[in-house]
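Structure, as C-alpha cells:
Taken together, the values in this text are just the output of simple stated rules run on the coordinates, not laboratory data. Nothing here was measured: the structure is a model prediction, and the numbers come from that model. Virtual Cβ from ideal backbone geometry, glycine too; neighbours counted across all protein chains shown.
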Amino acid sequence: MHVPDPPVPAVTALGDYDWASTPLGAPAGWSPALRAAVAESLAARAPADPPAPSAAAALDALFDAAPLGLGIWDRELRFVRVNASLAQMNGLPPEAHIGFTPRELLPDIAGIDALMERWRTIVDTGEPWLDVEVHGGTPANSDKQRSWREHFFPIRSGDRVVGIGAVVEETTERARVEAALRASEARFREFAEASSDVLWLFDMDSAQFEYLSPPLRKLYGVAAAASGRGAPLRFDWRASIVEEDREVAATTLRRVRQGERVTHDFRARIPGSGKVRWLKNTAFPLREPDGRVSHIGGIAQDVTEERDTAARLQMLIGELQHRTRNLMGVIQAVAESTLEASADLADFARAFSARLDALSRVQQLLSRIEGLERVGFDQLLRSELAAFGALPEEDARVSLAGPRGVPLRSGGIQTLALALHELITNSVKYGALSQPGATLSVRWALLPVAAGERPRLRFDWEERGVAMPARDDSPERVGQGRELIERAVPYQLEATVDYALTADGVRCAMVLPVSQTLAKGAAA
C-alpha cells in the first residue's frame, strides 16, 4: 500500500494531518504511548521561537541525514518512522513504511517470523538485541541476496517500552568481498598444499611463520593442524637450520625487511631422523599500504638431489679427465715400446692393434660403472680371457679361483689390462693355451691388512705342462711382454712383480694395492 509522504513543514501537531488515510488510522484509536511518541517527534519539527534550532530539531535532522539506516517501530512492530538510508536499503520510499510491519514489507527476509518473535521479546522485556546478522531480499531486489548488521533497542516513555529503535548497516558488499577472500584463500591453500614447491608466510611483528606448506611443516616438525590461518606458528624454526647456515637465514630476513628480494641456499635437518636437506629459498617483501614490510613471503625448493647429482657429475668429470690423461700416457708408452720391438710396420700394426683392443675392453668396463664404483679384478681378467676364448667354461685347460668384486684403483687399470693381455697373448702363442696337454691356473686373494696399510691383492699366474723352447730360440715377443710386466706394472701400479720362465711354463706373481673402497665381504 502506498501512503503519500506528509508535508513535513506544515505538520507540527497530530491534528495537522489526515492520519485516518494511513494504516495507523485516526489518532483517537492509537494507544497513548504511540500518540505521545508521534506528538513528540512532530513537536521537534515545529519552528522554534526564537528561530534558533532546538536540540530536538538538530537530532531530527541528524536522524534523516545519518548514513546508517535508522528506524522506529511502535509496540505492535509497525514502522513509525524511517530515515532515507534505511528506506533505500529496503527498496521502498520512506512513507511506504509507515504503519506496516517488517513482516508485511519485507517477506523475503530470511527467518522473518523468528525475527518478529525476537522483536516482541524486546518490547516485553526491554532488553536490547545487538549485532544481529540479517539476510534476504527486498521488494526492489527480491531475487538478490543481501545482508545487514543490525542493532535493536527499546524506546521507553518513563518505565514503559513504547517501541523499538533499529540501527542498520548494509554489509552485502562486505560479505561478498569476505566470501571472495575466503574462496581465494581456500584456492591458495589448495594450491599450496598440492604444490611441489614449499610456500611460506612470515610475520615480521611476531617473528614467526603464519603459514607453511606440508613439506616445510614436515621439515620443521610442525603439526598440520597448527598451520591454519590465525595465530603465528610458535616453534623454534632456527633450531632446524644447520648451525653454519643460521646467520645466512637471519641476514636474509633483515635484507628482505629492507625491501630486497633475496635467493639463497641453506641446509635444514629433519627432526628425528637427523637427515640434512638442501633448500633453495626465494624470499620477498609484502608491504602494507603505508609501505611498511609487515610480512615476508617465500618459495623454497628441496634441491638436495640436484646438488648431489651436480656433485656426482663434477666427480665423474674429474674422473674422466684423470682417466683420459692416464689413457693417453699409456697409449703413447705402448706405441713407443711396440715400435721399438717391431721388425717392420706390419709387425707394429698387428701388435699395436691387439694392445689397443685390450685398452678398448677395459674402457668399456670403466664406462659401465657409476659414481664411486670400481672395476673388479675378476671382471678385468675374465674380459681379457673372453677375448681369446679362454674362459674356464670354454677351455677346460683354464682354472680360476679368487673372490669376486675386488675393486681396482682406476688410475692404473689400463696398465694392468695390458699386462694381463701380454700374459694371455704369450700363453696363446707359446704357452699353456697353445698346447693341448698344458694347463693354466690363475688364483688371486686379498692379503691381511695391517693398521695404516692399504688393502692389497696377490695375483698368481701359473702355467704347467708347457714344452718350453730352448732359451736361445725364445721368441722376441716374450721378451717384450716381460719388459712391460716387470717395468711398467711396478711403476704404474706401485706393485711388486715376480716373473719367471720355468721348465714347464710361465709363472708370474703380482702384489698390488687395490681401491680403499674395498667392498666388505668380497665373494669367493
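General remarks:
- Qualifying residue in the stretch 385-393 (condition: farther than 19 Å from LEU512 by Cα and among the acidic types (Asp, Glu)): yes
- Neighbours by Cβ (under 6 Å, 6+ apart or cross-chain): first from the stretch 152-172, closer than 19 Å to VAL134 by Cβ; second among the polar types (S, T, N, Q): THR171/SER147; THR172/SER147
- Residue, surrounded by the fewest Cβ atoms within 10 Å (Cβ to Cβ), within the stretch 158-174, restricted to residues that are in contact with an Asp or Glu (Cβ under 9 Å, 6 or more places away or on another chain) and farther than 14 Å from LEU68 by Cβ: VAL161
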